[in-house]
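Take a look at the structure below.
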Amino acid sequence: MKQRWRNQRQRMTHHHLTPKCRRGGNEPENILTLWSEKHTAWHILFGERTIEEVLGLLERVARFKRRRR
């Protein structure tokens, strides 16, 4: 039931793992299908960063937090 409501309220969008503005293409291996709400949240949080860049950022944050304990 919840899934049906979500489908009516939101739509699926394509997220480029390597952004098009950074020469990422439309190949299937570069596309991730996300709910529009999640896609928007990604760009609010991480902008046009790639997944590898985001993982590196999160690793740096985790190291910083461990050092501060």
- Task: Those residues that are out of contact with any strand residue (DSSP E or B) (no Cβ under 8 Å at 6 or more places or on another chain) and surrounded by 15 or more Cβ atoms within 10 Å (Cβ to Cβ), I need them from the range 12-37; list them, please.
- Result: Thr18, Pro19
- Among residues of the range 38-53, those that are over 9 Å from the mean Cα position of the chain (by Cα) and open to solvent by 100 Å² or more (accessible area, probe 1.4 Å), counted: 2
- Residue hits (the range 20-69; among the small types (Gly, Ala, Ser) and not in a helix (DSSP H, G or I)) are Gly24, Gly25, Gly47
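The values are calculated or read from the model by the stated rules, or taken from the named source; none is laboratory data. What you are looking at is a predicted structure, and each value in this text was computed from that prediction instead of being measured. Here Cβ is always computed from backbone atoms with ideal geometry, including for glycine, and neighbour counts include all displayed protein chains. Protein only, heavy atoms only, side chains kept; ligands, DNA and RNA dropped before computing areas. Shrake-Rupley method; radii C 1.70, N 1.55, O 1.52, S 1.80 Å.
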